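Scroll down for the structure; my scribbles are underneath it.
The values are calculated or read from the model by the stated rules, or taken from the named source; none is laboratory data. The model shown is predicted, which means the values in this text are computed figures rather than measured ones. Positions of Cβ are backbone-derived with ideal geometry, glycine not excepted, and every protein chain shown enters the neighbour counts.
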Amino acid sequence: MIRHHPPAVLTPEDVQLETRGQISSGAADHARAMVAAITAVAHEPVLRARVRLAASADPAAARPFTAQAALELGGRLIHARAAAPTVPKAIHLLRERLRVRLLRTARDWPGRRRRMVVKARLRAARTVRPDGGRQEPAG
């Protein structure tokens, strides 16, 4: 039986935030709001969300701002990372990458999960004999 969970949309306050370097509070709030909003796309409840914004100390860096996010969906971790010349651009790229990853994980997840479970059961059913040979399961 396949269970469909109603999506649990997080609030910006639910999103953990970490900043490094000179990141404005407005940009940090925008990143939290963006990650909270994108959780509506998730096909499973989002248990935890974390965002990291970093500014490089190197003035010559082509893309000095980095945005990273990690979402936990029913025990599965979804990661995304983006670097850009400005903080808003990095946040925008991060949002798009998260959206794509969330949609990709939702597509055919029950079928992929079923195949993974079957393969794991087959591996577990094979036993190794003391002489090092493989013994296939009966039947």
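Scanning segment 72-83 for residues that are in contact with a Ser or Thr (Cβ under 8 Å, 6 or more places away or on another chain) and either exposed (fewer than 14 other Cβ atoms within 10 Å of the Cβ) or at pLDDT 95 or above (or both) turns up ARG76, ARG81, ALA82, ALA83.
All conditions in (1) farther than 15 Å from LEU94 by Cβ; (2) surrounded by fewer than 20 Cβ atoms within 10 Å (Cβ to Cβ) hold for ALA42, with the sole exception of (2).
Scanning segment 6-36 for residues that are under 28 Å from ALA61 (Cβ atoms) and hydroxyl-bearing (Ser, Thr, Tyr), we see that the one that is surrounded by the most Cβ atoms within 10 Å (Cβ to Cβ) is THR19.
In segment 55-104, which residue that is basic (Lys, Arg) and in contact (Cβ under 8 Å) with a residue 12 or more places away in the chain is farthest from GLU44 (Cα to Cα)?
First pass over segment 55-104, keeping only residues basic (Lys, Arg): 63, 76, 81, 89, 95, 97, 99, 101, 104.
Going one step further and asking which of them are in contact (Cβ under 8 Å) with a residue 12 or more places away in the chain, we end up with 63, 76, 81, 89, 95, 97, 99, 101.
Working: ARG63: 33, ARG76: 10, ARG81: 21, LYS89: 28, ARG95: 18, ARG97: 18, ARG99: 14, ARG101: 13 Å.
Going through the qualifying residues, I end up with ARG63.
ALA37 satisfies every condition listed in (1) of a type outside the set (Phe, Trp, Tyr); (2) modelled with pLDDT of 95 or more; (3) assigned to a helix (DSSP H, G or I) except (2).
When THR105 is tested against the conditions (1) among the polar types (S, T, N, Q); (2) surrounded by fewer than 16 Cβ atoms within 10 Å (Cβ to Cβ); (3) at pLDDT below 90, the lone failure is (2).
Given ALA67, ALA80, which one is within 18 Å of ALA106 (Cβ to Cβ) and outside any helix (DSSP H, G or I)?
Details: ALA67 fails: within 18 Å of ALA106 (Cβ to Cβ).
Of the residues listed, the single one that is within 18 Å of ALA106 (Cβ to Cβ) and outside any helix (DSSP H, G or I) is ALA80.
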